[in-house]
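All remarks here apply to the structure that follows.
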Amino acid sequence: MLLVAVVVVAVAGFTVYRVHGIFASQDVTSTPGAGANEIVPFNPKHVVLEVFGPPGTVATISYLDVNAQPQRADDVTLPWAYDTTTTQPSVFVNVSAQGDSDSIGCRIKIDDVVKDERTVNTLNAYTYCLDKSG
């Protein structure tokens, strides 16, 4: 009985060894070096948010930066601009502003292409610009 058990275990072990050989499971898979985790900039985007108005206009500006994080700038003298470059595949940017004059405008440019622009002429003017496809 003991001899039969030893033979069965030996045959089973040999079978498992051969099956591993058929499916190449004994091949060692190499992992890529540390250079594979390095992000190489591709197609960088130049993003510019602008708020403009008559000289001396003071405005409160709220905007989303290129990381979609809300930012605020209080009592800013116009013209104002947020200018940055990113390698993200797309950007979602938004800017809104309210000034103390009767005219205010905003503009979003990505790679020197105007994506959105608005100008408002009213008392304590408020405007916004949005681009979700950059």
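Worth a mention:
- Residue, modelled with the lowest pLDDT, within the stretch 20-48, restricted to residues that are among the polar types (S, T, N, Q) and under 25 Å from the mean Cα position of the chain (by Cα): ASN37
- Evaluation of ARG72 against the conditions (1) under 19 Å from the mean Cα position of the chain (by Cα); (2) surrounded by fewer than 16 Cβ atoms within 10 Å (Cβ to Cβ); (3) among the basic types (Lys, Arg) shows that the sole unmet condition is (1).
- Members of the stretch 108-134 found to be of a type outside the set (Asp, Glu) and in contact with a Cys (Cβ under 6 Å, 6 or more places away or on another chain), listed by number: ILE108, ARG118, THR127, CYS129
Every residue, every condition in (1) closer than 30 Å to PHE42 by Cα; (2) in a strand (DSSP E or B), yes or no:
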{"site": "TYR63", "(1), (2)": "yes, yes"}
{"site": "ARG72", "(1), (2)": "yes, yes"}
{"site": "ASP83", "(1), (2)": "yes, yes"}
{"site": "GLN88", "(1), (2)": "yes, no"}
{"site": "GLU117", "(1), (2)": "yes, yes"}
{"site": "VAL120", "(1), (2)": "no, yes"}
{"site": "THR127", "(1), (2)": "no, yes"}
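- Checking TYR17 against (1) surrounded by fewer than 10 Cβ atoms within 10 Å (Cβ to Cβ); (2) modelled with pLDDT under 90, the condition it does not meet: (1)
- Filter result (surrounded by fewer than 14 Cβ atoms within 10 Å (Cβ to Cβ) and either more than 25 Å from ASP75 (Cβ to Cβ) or not assigned by TED's automatic domain parsing to the domain that holds VAL76 (or both)) within the stretch 92-134: ASP111, ASP112, VAL113, VAL114, LYS132, SER133
The values are calculated or read from the model by the stated rules, or taken from the named source; none is laboratory data. Since we're looking at a predicted model, the values are computed, not measured. When we count neighbours, we look across all protein chains shown, and the Cβ atoms used for this are built from the backbone with ideal geometry, even at glycine.
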